[in-house]
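Enquirer: Dropping the structure in here first, questions after.
Where a number appears in this text, it was derived from the coordinates with a stated rule and is not lab data. Just so it is clear, the model here is predicted, and its values are computed rather than measured. Using ideal geometry, Cβ is built from the backbone for each residue, glycine included, and neighbour counts are taken over all protein chains shown.
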């Protein structure tokens, strides 16, 4: 595909509810060329860290600024103001 990145955000929903949100956002993710590779929840359950892949970083920006996506994420318990692209990611391995 394209570029990989590490991102994080805070949330108030359960990890399981967040996974349901990701499933429901699949059409918008496909539209913007976004694919999640890996996600984990912080030990205290307040944050998600994920590794994603996208054709262009503009695709990430378009996805997170899409009004429908923003509202779906807010309704699910995601703190959209805490969204942070931490770094571009090169090589990685999931053990």
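Enquirer: Within the range 1-24, which residues have the backbone N less than 20 Å from the label spot 7 Å out from residue 91 along Cα→beta-carbon, could you tell me?
Expert: Correct set: 1-6.
Enquirer: What Kirkwood hydrodynamic radius, in Å, does the chain give when the mean of 1/r is taken over all pairs of distinct Cα atoms and then inverted?
Expert: Numbers: mean 1/r = 0.0744 Å⁻¹.
Result for the chain, one decimal place: 13.4 Å.
Enquirer: How far apart, in nm, are two points set 7 Å out from the Cα along the Cα-to-Cβ line at residue 57 and at residue 12?
Expert: 3.1 nm
Enquirer: Do the sum for the chain: with -39,500 (n - 2.57) for every DSSP H run of n ≥ 4, divided by all residues, what is the mean residue ellipticity at 222 nm, to the nearest 500 deg cm²/dmol? Each step should come with its number before you reach the end.
Expert: Details: 4 runs with 35 residues, N = 95.
Taken over the chain, the calculation gives -10500 deg cm²/dmol.
Enquirer: Could I ask something else about it? How long is the gain from residue 70 to residue 40 if the chain were fully straight, where each residue apart is worth 0.36 nm and the alpha carbon distance is subtracted? Walk me through the intermediate numbers first.
Expert: Working: separation 30, 0.36 × 30 = 10.80 nm, distance 2.06 nm.
That pair, residue 70 and residue 40, stretches by 8.7 nm at full extension.
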